[in-house]
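Single-structure report; data block below.
The values are calculated or read from the model by the stated rules, or taken from the named source; none is laboratory data. Quick caveat: nothing in here was measured; it's all calculated off a predicted structure. Positions of Cβ are backbone-derived with ideal geometry, glycine not excepted, and every protein chain shown enters the neighbour counts.
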């Protein structure tokens with residue numbers, strides 16, 4: 001089995017950035033809508049590309065996993081975004097110039113210098129966008145092709161998979177995603193960001209809510225697990241939250257020939273390696289022949305995670321960083337620092353970029369120290385440990401303005417340590433690259449859960465959101481019924497209507513609406529959006545049920561398509577009863593899966609690499 005050529009590497013850090021926004025094009029501008037996409041493109045996506053370019057110029061690779069969700073890809077490629085984004089940047093430049101003039105009049109030279117800073121920031125973004133000919137996707141694709149990052153896929157519209165009501169809807173979220181990934185990026189994805197790290201194993205499942213009229217939506221059914229839908233579509237790995245691995249049940253290896261569980265030395269919660277190695281997911285794949293088709297999971301490291309994302313106790317809450325909330329209108333530029341995590345907006349103090357840059361270096365060094373400490377007990381194992389650190393990409397730049405600089409600093413510090421230090425080396429690596437070279441630690445059976453509050457489904461299903469699922473489930477059943485009727489395959493009109501119905505269902509299934517309702521962030525917008533897509537879906541359902549094609553129906557369909565024509569090559573057969581992808585071959589990321597006989601002393605390291 002091929003190993004990395006760096007002789008001093010004894011452990012790995014795998015950063016995963018999950019880039020996603022719900023579909024906002026043609027659905028509002030400000031304060032909620034298109035402005036979200038424009039802000040994040042300027043503050044996260046373009047700065048991340050700059051970081052990658054600067055590192056590349058010094059022969060350093062960030063080597064991260066980057067998920068570009070399919071619905072985000074659809075928006076970045078949309079003509080409306082490409083036309084509006086440069087106008088947005090020009091407005092930001094002009095407003096910063098107006099701010100500078102005002103501050104100079106008021107003899108506020110420091111604020112005037114910050115206004116010049118914003119002029120430079122958005123001017124650089126505009127120049128970068130023009131250099132890419134308006135194609136941000138092409139920028140990321142180039143770094144993927146060079147191996148500087150690994151682009152992953154996601155659920156098509158970020159549907160929360162544990163709660164989707166039919167196997168066909170679960171599978172369609174993934175199948176549409178893979179199809180969109182291929183169309184936008186020209187490659188087949190190897191891994192997937194399962195939305196919200198939401199996982200549900202195979203087994204008996206009942207609708208968790210009643211219908212709108214209080215009736216049962218259907219009997220309990222045996223459902224596939226998320227891992228089966230992932231593997232069927234040719235995807236090899238995904239990520240799960242810490243507790244799903246910590247509380248998992250150890251599964252006998254297909255190579256143990258019936259050894260008792262306590263003889264297998266499977267990892268326990270207290271073991272140093274438990275969270276720092278990948279696992280096969282038990283399910284329909286826990287046998288030697290099927291093993292090559294199984295899905296792999298990487299556990300999220302909890303210790304480094306809080307340091308990076310928490311605004312109260314983590315790096316973004318440092319008093320020197322740019323404050324997210326306080327803005328000067330009408331331009332919306334920010335001139336103040338955090339000052340304190342509980343400081344009132346009126347008491348915020350001015351921002352000093354040089355002080356923030358100093359804290360970036362200190363926090364990057366601290367993070368590298370945390371990674372090394374987490375992996376320390378396993379750094380001399382035969383199989384190097386891997387620490388998986390997943391985050392929302394929009395944290396870096398949009399929410400935490402200095403976040404992209406911090407990512408760059410982490411990469412540079414690790415590179416310098418690899419080059420000069422005598423310590424065991426920690427190296428950045430993508431998940432796919434790791435799987436090409438090292439074995440999984442064994443099989444695990446996981447319970448249902450997510451990375452949401454309390455590790456369960458409550459963020460997406462609660463008293464405030466039950467009504468959304470009462471609309472989603474009947475529509476999933478209706479779409480399956482329409483897709484299973486072969487009439488649409490012979491009737492171009494019905495096919496077109498059904499395609500749009502599938503699009504509206506996908507948009508209804510977006511987990512963003514329940515999240516925004518539950519957290520209270522943009523709740524009105526989320527509720528309006530959900531009701532809009534539900535209304536469209538109901539109108540399309542009525543057209544299909546009528547078996548007619550009238551001028552009024554044609555006009556209505558055209559109006560809905562004009563607003564929501566996502567996934568142009570969408571295939572309604574994905575929702576046919578029992579429809580599923582068929583994996584064409586074994587793992588694309590592992591050509592040489594180890595076959596370890598029971599008598600081999602390496603069996604223990606196959607399950608928990610020896611210390």
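Quick notes
- Of 501, 477, 516, all but one fail to be free of Cβ contacts under 8 Å to residues at least 12 places away in the same chain and outside the structural domain of residue 176 (by TED's automatic domain parsing); the exception is 516.
- Filtering region 204-213 to residues that are part of a loop (DSSP other than H, G, I, E, B) and more than 18 Å from residue 475 (Cα to Cα) leaves nothing.
- Per-region count, region 325-364, residues within 21 Å of residue 116 (Cβ to Cβ) and in a loop (DSSP other than H, G, I, E, B): 12
- Every residue from region 176-193 that is crowded, with 23+ Cβ neighbours inside 10 Å and in a helix (DSSP H, G or I): 176, 177, 180, 181
- Region 214-232, residues that are over 21 Å from residue 444 (Cα atoms) and in a loop (DSSP other than H, G, I, E, B): 214, 215, 216, 217, 218, 219, 220
- The residues in region 555-584 that are assigned to a helix (DSSP H, G or I) and touching a residue at least 24 places away in the same chain (Cβ under 8 Å) can be counted, and the count is 10.
- Among the residues of region 186-205, the ones that are out of contact with any strand residue (DSSP E or B) (no Cβ under 8 Å at 6 or more places or on another chain) and over 15 Å from residue 161 (Cα atoms) come to 2 in all.
- Between 453, 441, 521, 445, the distinction of being at pLDDT below 95, touching a strand residue (DSSP E or B) at 6+ places or on another chain (Cβ under 7 Å) and surrounded by fewer than 20 Cβ atoms within 10 Å (Cβ to Cβ) belongs to 445 only.
- Matching residues, region 333-349, being within 18 Å of residue 108 (Cβ to Cβ) and surrounded by 13 or more Cβ atoms within 10 Å (Cβ to Cβ): 333, 334, 335, 336, 337, 339, 348, 349
- Selection status of residue 435, in the same structural domain as residue 196 (by TED's automatic domain parsing) and either at pLDDT 95 or above or under 19 Å from the mean Cα position of the chain (by Cα) (or both): yes
- Given (1) under 23 Å from residue 578 (Cβ atoms); (2) surrounded by fewer than 23 Cβ atoms within 10 Å (Cβ to Cβ), number of the condition residue 458 does not satisfy: (1)
- Looking at 144, 243, just one residue is at pLDDT below 95, over 20 Å from residue 506 (Cα atoms) and either touching a strand residue (DSSP E or B) at 6+ places or on another chain (Cβ under 9 Å) or part of a loop (DSSP other than H, G, I, E, B) (or both), and that residue is 243.
The rows are residues; the columns are (1) in the same structural domain as residue 56 (by TED's automatic domain parsing); (2) in contact with a helix residue (DSSP H, G or I) (Cβ under 8 Å, 6 or more places away or on another chain); (3) in a helix (DSSP H, G or I); (4) at pLDDT 95 or above.
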position	(1), (2), (3), (4)
366	yes, yes, yes, yes
380	yes, no, no, no
383	yes, yes, no, no
387	yes, yes, no, yes
406	yes, yes, yes, yes
411	yes, yes, yes, yes
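- The set of residues in region 337-351 that are over 15 Å from residue 317 (Cβ atoms) and touching a helix residue (DSSP H, G or I) at 6+ places or on another chain (Cβ under 8 Å) contains only 350.
- The single condition among (1) assigned to a loop (DSSP other than H, G, I, E, B); (2) farther than 30 Å from residue 506 by Cα that residue 156 does not satisfy is (2).
Matching residues to (1) modelled with pLDDT of 95 or more; (2) closer than 23 Å to residue 364 by Cβ; (3) assigned by TED's automatic domain parsing to the domain that holds residue 157:
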| position | (1), (2), (3) |
| --- | --- |
| 22 | yes, no, yes |
| 26 | yes, no, yes |
| 30 | no, no, yes |
| 39 | yes, no, yes |
| 48 | yes, yes, yes |
| 54 | yes, yes, yes |
| 62 | yes, yes, yes |
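- Residue 48 vs. criteria crowded, with 21+ Cβ neighbours inside 10 Å and within 29 Å of residue 335 (Cα to Cα): yes
- Checked against the criterion of being under 20 Å from residue 13 (Cβ atoms) and modelled with pLDDT of 90 or more, region 255-275 contains one or more residues that satisfy it.
- Qualifying residue in region 545-554 (condition: touching a residue at least 60 places away in the same chain (Cβ under 8 Å) and not in a helix (DSSP H, G or I)): no
- Index of the failed condition, residue 142 passing every other in (1) assigned by TED's automatic domain parsing to the domain that holds residue 330; (2) in contact with a helix residue (DSSP H, G or I) (Cβ under 8 Å, 6 or more places away or on another chain): (2)
- Residue 196 meets all of the listed conditions (1) assigned to a loop (DSSP other than H, G, I, E, B); (2) at pLDDT 95 or above; (3) at positive phi but one, namely (1).
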